[in-house]
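Input: a single structure, listed below in structure tokens.
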Amino acid sequence: MFIEPHRFARKKGWIEVICGSMFSGKTEELIRRLKRAQIANQHIEIFKPAMDKRYDENHIVSHNEVRLRSTPVDSCYNMLLLASDADVVAVDEAQFFDEGLPEVAEQLAAKGIRVIIAGLDMDFLGKPFGCMPLLLSKAEYITKLHAICAQCGDIANFSYRRSEIEDRILLGEKEVYEPRCRNCFYNA
């Protein structure tokens, strides 16, 4: 009996999460992976929260100014409509999306799409941030990145807020946040 090879060939999808503190290189790593997908002629779709306009409204941008065009979305569910024919879907600043993002990521992966998500795993209080814990539990691949502590030079895992503002979400860069190691974060 002859079995057609393509009959059992199935495109496999999965979820990758890149996490860490501010200034750890999450967006830079996301862009690196996406550029490799582009070299492989894969169709990519990149999303970011519409609320994040720090560097550019329509690009994801690393701290060293490397950028890729992206689509700002208000709801993670819009990604399902906009990425239906993608090979790779990327999401930056995932912590700012609602709790539906893990479900959206799973639906995309079930369709055979590689889903790459980057975001802060902890907020400025050192607590799990938004939907990131659930994304981490559902991911096949996790990359935890570290910055350098602005106080002592050790590896930094925390995003220390230099402002007295207590809102959980406060968009900012070096003027508002600095990376800190565990010791410098808790002994501030």
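Can you spot a residue in the range 133-146 that is among the β-branched types (Val, Ile, Thr) and either surrounded by fewer than 22 Cβ atoms within 10 Å (Cβ to Cβ) or assigned to a helix (DSSP H, G or I) (or both)? Yes, because at least one residue in the range 133-146 is among the β-branched types (Val, Ile, Thr) and either surrounded by fewer than 22 Cβ atoms within 10 Å (Cβ to Cβ) or assigned to a helix (DSSP H, G or I) (or both).
Number of residues in the range 150-188 that are modelled with pLDDT of 95 or more and among the aliphatic types (A, V, I, L, M) equals 3. As for the range 87-103, it holds at least one residue that is at pLDDT below 95 and over 25 Å from residue 176 (Cα atoms).
Checked against (1) on the phi > 0 side of the Ramachandran plot; (2) within 14 Å of the chain's Cα centre (by Cα), residue 126 passes all but condition (2). Among the residues making up the range 107-118, those that are on the phi < 0 side of the Ramachandran plot and not hydrophobic (A, V, I, L, M, F, W, C) are 107, 111, 114. Looking at the range 124-138, is at least one residue touching a residue at least 60 places away in the same chain (Cβ under 8 Å) and touching a Leu at 6+ places or on another chain (Cβ under 9 Å)? The answer is yes; a qualifying residue exists.
Filtering the range 69-112 to residues that are surrounded by fewer than 20 Cβ atoms within 10 Å (Cβ to Cβ), part of a strand (DSSP E or B) and either touching a helix residue (DSSP H, G or I) at 6+ places or on another chain (Cβ under 8 Å) or among the hydroxyl-bearing types (Ser, Thr, Tyr) (or both) leaves 71, 73. For the range 8-68, give me every one of the strands (runs of 3 or more DSSP E) that falls completely inside it and has 3 or more residues that are modelled with pLDDT under 95. Qualifying strands (runs of 3 or more DSSP E): 44-49, 59-61.
The values are calculated or read from the model by the stated rules, or taken from the named source; none is laboratory data. Bear in mind the structure is a predicted one, so any value in this text is a computation, not a measurement. Every residue, glycine among them, receives a Cβ derived from its backbone with ideal geometry; neighbour counts consider all protein chains shown.
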